[in-house]
Amino acid sequence: MAVDTASPTRDQILDAAERLFGRQGFDPTTIKEIGAEAKLNPALLYYYFGSKEELYKAVLHRIVSGMVTTGGQVLESATAPADAIRALVGAQVEFLLAQPNLPRLMVREMVDHDARRAKDVILQLAAGLFHRLCRVIEAGQHEGVFRTDVEPRFAAVSTISQVAYFIIARPAVGIFFGSGTDGVPDTVAREFGRHAGEFAVRALSPTGTSA
């Protein structure tokens, strides 16, 4: 019998697993705990996902798919390379603020498993959003609005890393900014996003000014 991938129960399991995997990591988290967090019989988790590893991959896939879709729409709607970069960084901030478990999940995956379990979703991200961002930068170089002495892949990493680090290190940033370990407010994160987008554009512009 086919499993209903649009089932509210399936989403309920994914939501609970996302919280626990983000909070505790993959290895310490048990199916029993996820069932309790979801307020469901743990047997249902095996019905929908087969194993804890498959559930974990489904959690990562759901989040990354959302990021790729959102970022792709932003890049498609922009009419100029500089505007595309500003809009993408702004969308990145909004997405990460709405997905507070994502930074912890990805950091734990990199540290605990060297990204082995996330390889498929990372490839999906690379094939989708990352390569599209690289093409935007290449288009700006071709049009003469971006420097040609910059490797597009390096520039793409620099562009998306600013916000990623800011959100991952939010408790430390909160200490730097005098807000404590609870981190800076969302309004400050959004201000940083606007700064980061403009910073990336200026770094790519031949004269160091806005494109």
Looking only at residues in segment 148-181 that are in contact with a helix residue (DSSP H, G or I) (Cβ under 6 Å, 6 or more places away or on another chain) and not in a helix (DSSP H, G or I), which one is modelled with the lowest pLDDT? Thr181
Taking segment 25-42 and keeping only residues that are over 25 Å from the mean Cα position of the chain (by Cα), charged (D, E, K, R) and more than 14 Å from Asp11 (Cα to Cα), one is left with Lys32, Glu33
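Regarding segment 77-99, can at least one residue be identified that is farther than 30 Å from Gln141 by Cβ and outside any helix (DSSP H, G or I)?
So far as segment 77-99 goes, yes, one or more of its residues are farther than 30 Å from Gln141 by Cβ and outside any helix (DSSP H, G or I).
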If Glu37 satisfies all but one of (1) modelled with pLDDT of 95 or more; (2) closer than 29 Å to Gln162 by Cβ; (3) surrounded by fewer than 19 Cβ atoms within 10 Å (Cβ to Cβ), what's the number of the condition it fails? (2)
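Working only within segment 40-64, note down all residues that are of a type in the set (Gly, Ala, Ser) and either at pLDDT below 90 or surrounded by fewer than 15 Cβ atoms within 10 Å (Cβ to Cβ) (or both). Don't jump to the end; show me each part of the working.
Taking segment 40-64 as the starting set, the residues that turn out to be of a type in the set (Gly, Ala, Ser) are 43, 50-51, 58.
Passing the criteria: Ala43, Gly50, Ser51.
Which of the following residues is touching a residue at least 12 places away in the same chain (Cβ under 8 Å), of a type in the set (Gly, Ala, Ser) and not assigned by TED's automatic domain parsing to the domain that holds Ile137: Ala43, Ala38, Ala80? First the steps, then the outcome.
Numbers: Ala43 fails: touching a residue at least 12 places away in the same chain (Cβ under 8 Å); Ala80 fails: not assigned by TED's automatic domain parsing to the domain that holds Ile137.
Selected residue: Ala38, the only one of Ala43, Ala38, Ala80 that is touching a residue at least 12 places away in the same chain (Cβ under 8 Å), of a type in the set (Gly, Ala, Ser) and not assigned by TED's automatic domain parsing to the domain that holds Ile137.
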Looking at segment 113-133, which of the residues that are in contact with an Asp or Glu (Cβ under 7 Å, 6 or more places away or on another chain) and touching a residue at least 40 places away in the same chain (Cβ under 8 Å) is surrounded by the most Cβ atoms within 10 Å (Cβ to Cβ)? Ala118
List every residue pair whose Cβ atoms sit under 6 Å apart, with the two residues 6 or more apart in sequence or on different chains, where the first one lies in segment 90-112 and is farther than 14 Å from Leu20 by Cβ and the second, anywhere, is in a loop (DSSP other than H, G, I, E, B) and at pLDDT 85 or above. Asp112/Gly25
Restricting attention to segment 23-32, does a residue exist that is under 29 Å from Ala127 (Cβ atoms) and in a helix (DSSP H, G or I)? no
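Find the residue count for segment 34-67, including only residues that are of a type outside the set (Gly, Ala, Ser), part of a helix (DSSP H, G or I) and over 19 Å from Pro100 (Cβ atoms).
Looking only at segment 34-67, we keep the residues that are of a type outside the set (Gly, Ala, Ser), and these are 34, 37, 39-42, 44-49, 52-57, 59-64, 67.
If we keep only those that are part of a helix (DSSP H, G or I) as well, we get 34, 37, 44-49, 52-57, 59-64, 67.
The next check asks that each one be over 19 Å from Pro100 (Cβ atoms); those that pass are 44-49, 52-55, 57.
Residues in segment 34-67 being of a type outside the set (Gly, Ala, Ser), part of a helix (DSSP H, G or I) and over 19 Å from Pro100 (Cβ atoms): 11 in total.
Suppose we filter segment 16-34 for residues that are acidic (Asp, Glu), at pLDDT below 95 and over 13 Å from Arg104 (Cα atoms); how many remain?
So in segment 16-34, the residues acidic (Asp, Glu) come out as 18, 27, 33.
Imposing the further condition that a residue be at pLDDT below 95 reduces the set to 18, 27.
From what's left, over 13 Å from Arg104 (Cα atoms): 27.
Counting residues in segment 16-34 that are acidic (Asp, Glu), at pLDDT below 95 and over 13 Å from Arg104 (Cα atoms) gives 1.
The values are calculated or read from the model by the stated rules, or taken from the named source; none is laboratory data. The structure presented is a predicted model; accordingly, all values stated were derived computationally and were not measured. All Cβ positions, even for glycine, are placed from backbone atoms using ideal geometry, and neighbour counts span all protein chains on display.
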